[in-house]
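A short write-up of the structure that comes next.
The values are calculated or read from the model by the stated rules, or taken from the named source; none is laboratory data. Quick caveat, the model's predicted, so the values are computed rather than measured. FYI the Cβ positions are ideal-geometry reconstructions off the backbone, even for glycines, and counts take in every protein chain you see. Areas reflect the complete protein model, heavy atoms only, side chains present, ligands, DNA and RNA absent. Shrake-Rupley method; radii C 1.70, N 1.55, O 1.52, S 1.80 Å.
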Amino acid sequence: EQARALAVLEAAENDLVVVDCRFTRGKLLIKVEHKDPDNNSVGIAECEKVSRALGFRLDNADFMQEDKSYNLVVSTPGAKEVLTREREFEAFRGFPIIVTYKEPVKGKENIEGVLYERDSEILQVNVKGRIVKVPQSNVAEVRLVQDQTQAP
């Protein structure tokens, strides 16, 4: 809890917010995002800056036991599963997606394919080599397809 308080302070000094903080298997994991995540993202430089400053604060904090070693990991929550922002659609062009319709089309609630193109009027999805054009007015949600393969 005290480590989280220090993380929150350090993040705030960099226009960031802590979205997760936990100590697991000798690692203090801190996840940060920008105060305005819809318009700004966090890069490696910001994570490194918070990590260095927070590491210094933790190393000098009274509540940290001298014999307690830890690895500090500062990162972002990663990509969101549901695409909502223009830059997300640009970044994930060519990735597998599932589009959920507001109103069923030909009896289907959704389609699965590869994100091809998107503008203010139309979402284009490559479904088995065929480009399907979906009016934005009928798009309820666009979700990245999670990789179903398991590492051996």
Apart from one, (1) open to solvent by 30 Å² or more (accessible area, probe 1.4 Å); (2) β-branched (Val, Ile, Thr); (3) within 23 Å of Leu83 (Cα to Cα) all hold for Thr24; the odd one out is (3)
Could you tell me whether the range 98-116 includes any residue that is within 27 Å of Glu48 (Cβ to Cβ), at pLDDT 85 or above and not charged (D, E, K, R)? no
Of all residues being within 18 Å of Glu81 (Cβ to Cβ) and surrounded by fewer than 15 Cβ atoms within 10 Å (Cβ to Cβ) in the range 140-152, which is modelled with the highest pLDDT? Just the residue, please. Ala140
Only one of Arg52, Arg87, Arg57 is modelled with pLDDT of 90 or more and out of contact with any Gly (no Cβ under 8 Å at 6 or more places or on another chain), namely Arg52
Hey, among Ala45, Ala7, which residue is of a type outside the set (Phe, Trp, Tyr) and open to solvent by 30 Å² or more (accessible area, probe 1.4 Å)? Ala45
Note on the range 10-21: residues among the hydrophobic types (A, V, I, L, M, F, W, C) and surrounded by 18 or more Cβ atoms within 10 Å (Cβ to Cβ) are Ala11, Leu16, Val18, Cys21
Positions within the range 27-40 being in contact (Cβ under 8 Å) with a residue 40 or more places away in the chain and open to solvent by 30 Å² or more (accessible area, probe 1.4 Å), in sequence order: Lys27, Leu29, Lys31, Glu33, Asp38
